Amino acid sequence: MSFFEDIIVTGFQDAIFNSFRWIGIAFKWILYLGKKPFNQIKMENWNNRIGFLITVLIIAISLYLLNS
């Protein structure tokens, strides 16, 4: 691939990775009902994994509803 294609692909991969992180942070904040400060949740581990699982769950539910 060319140099510019590598930059675009790398940027897209980073954007996906960061979106999983922010989805996980938002889900944990909602789960804690806002009792924990957002900045503290942002520093905790597992935000990427939780965001990925939530995304997979949403896709799975959407596919189930579309096929039923």
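Tell me the trypsin sites (Lys or Arg not before Pro) within the chain that lie in a loop according to DSSP and have at most 14 other beta-carbon atoms within 10 Å. Could you put the intermediate results ahead of the total?
Details: sites: 21, 28, 35, 42, 49; in loops: 35.
Passing sites in the chain are 35.
In percent, how large is the relative contact order of the chain, given Cα pairs closer than 8 Å and 6 or more residues apart? Numbers along the way, then the final one.
On the way: 46 pairs, mean separation 24.6, N = 68.
Relative contact order comes out at 36 percent.
Need one word for the range 17-68: rounded, prolate or oblate. Basis is the Cα gyration tensor (sqrt eigenvalues a ≥ b ≥ c); a/c below 1.5 gives rounded, then a/b vs b/c decides.
Working: a/c = 3.98, a/b = 2.08, b/c = 1.91.
Prolate, because a/c is 1.5 or more and a/b exceeds b/c.
Could you give each residue of the range 50-58 its phi-based ³J(HN,Hα) in whole Hz, using Karplus coefficients 6.51, -1.76, 1.60 with θ = phi - 60°, and x for Gly or Pro?
So the J values, rounded to whole Hz, are 5, x, 5, 5, 5, 5, 5, 4, 5.
Considering the dipole of the chain built from charges on the beta carbon (Lys and Arg +1, Asp and Glu -1) around the Cα centre, which of 22, 43, 67 is farthest to its positive end?
Positive-most Cα among the choices belongs to 43.
Read-outs throughout are calculated quantities, based only on the coordinates presented, and are distinct from any laboratory measurement. Note that this is a predicted model, so its numbers are computed, not measured. A quick note on method: Cβ atoms are made from the backbone with ideal geometry, for glycine too, and the neighbour counts reach across all protein chains shown.
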